[in-house]
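Presented below is the structure to which this report refers.
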Amino acid sequence: MVTLFSFGQKQDKLLLKAYRSNSPEKIALFFDIWKKNTSLSSADIKTMNDTVQNVYQVFKEFYTPLKTEGIGSYEWGQSFHYTGVKYLLLQDSITFAVVDTLNKDTLIQAKFVKLAKRLNITADSAIRAYKAGAKFIIQRFRFEWPTPTIYTTITKFRPQVSFSTPETVTLTEQYAVLIRNFLNNRTKSGAKKITQEERDKRYVFLGKYFKVWNGNWELYSPPYVTSIIFDKSLENAVVNYHVVSDGGYAYLKKINGNWTLIEAEKTWSH
């Protein structure tokens, strides 16, 4: 195995050569090496514990940026932002947690019980008032998914996806640094600062292969999963995600052994 330093040097040089010669063969080799160094097989995932396996399964079901039905906050992904891209850059870490229940009916019922107690009415009457559109209930009722107290982070996450085109690679910290160095001409110590025109050309070059978001600070291909919350039975899951400047949640349920998207909602924007 090569050291991280020599590996970074080789990939640095290969990317720069691909750019300077505008070589499809060299850039394809660059991405092939990237993929081989940051991928994980299905067999490897099957050796992990049940909860972690479900993290991989939920991500695989959720992450469909070119098939946007049901995840309302990034319809634009299919329309133009991903047009023509050959690669998507996936996150290399993910956070998950487990709570007692994510059964929505149970959670809503518990919420109404608390609200009714504050209003000094019965839970049934609170529910009837809510269904009837009574303002005094609607203004006070807000459904929220449980907030876990303990989270676990998978730091060497190697996602799998349900599609073959575009291809995917995992954006490790090492590759993020490599790309930013390329865009800012920091491939070697003391390198002369490049002109804005040259920098723009490098953006255009990379843009033929993947999308660079918000300057060069957000390289991940949205949506980015901030956390996945499971119930104890591993039958329900809530994915919290963001897309550049928006975010929301997606609720998935395991049906006949397969994770299925039930609903999704955009809940914030800035």
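Any idea which of (1) surrounded by 13 or more Cβ atoms within 10 Å (Cβ to Cβ); (2) modelled with pLDDT of 90 or more; (3) on the phi > 0 side of the Ramachandran plot is the one residue 185 doesn't satisfy?
Here residue 185 meets the rest and fails (2).
How do the pairs read when you match residues in region 2-20 that are surrounded by 14 or more Cβ atoms within 10 Å (Cβ to Cβ) with residues anywhere that are among the aliphatic types (A, V, I, L, M) and at pLDDT below 55, using Cβ under 7 Å and keeping only pairs 6 or more apart or on different chains?
Matching pairs, first to second residue: none at all.
Rundown of residues vs (1) assigned to a strand (DSSP E or B); (2) within 30 Å of residue 18 (Cβ to Cβ); (3) at pLDDT below 95; (4) not β-branched (Val, Ile, Thr), yes/no style:
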| residue | (1), (2), (3), (4) |
| --- | --- |
| 179 | no, yes, yes, no |
| 197 | no, yes, yes, yes |
| 227 | yes, no, no, yes |
| 237 | yes, no, no, yes |
| 242 | yes, no, yes, yes |
| 254 | yes, no, no, yes |
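Among 226, 165, which is the only one that is touching a His at 6+ places or on another chain (Cβ under 8 Å) and either without any contact (Cβ under 8 Å) to a residue 12 or more places away in the chain or under 22 Å from residue 260 (Cα atoms) (or both)?
226
Read through the list (1) touching a helix residue (DSSP H, G or I) at 6+ places or on another chain (Cβ under 7 Å); (2) surrounded by 13 or more Cβ atoms within 10 Å (Cβ to Cβ), then give the number of the only condition that residue 162 fails.
With respect to (1) touching a helix residue (DSSP H, G or I) at 6+ places or on another chain (Cβ under 7 Å); (2) surrounded by 13 or more Cβ atoms within 10 Å (Cβ to Cβ), residue 162 is out only on (2).
The values are calculated or read from the model by the stated rules, or taken from the named source; none is laboratory data. Remember, it's a predicted structure, so these values are computed and weren't measured experimentally. We place every Cβ from the backbone using ideal geometry, glycine too, and count neighbours over all the protein chains shown.
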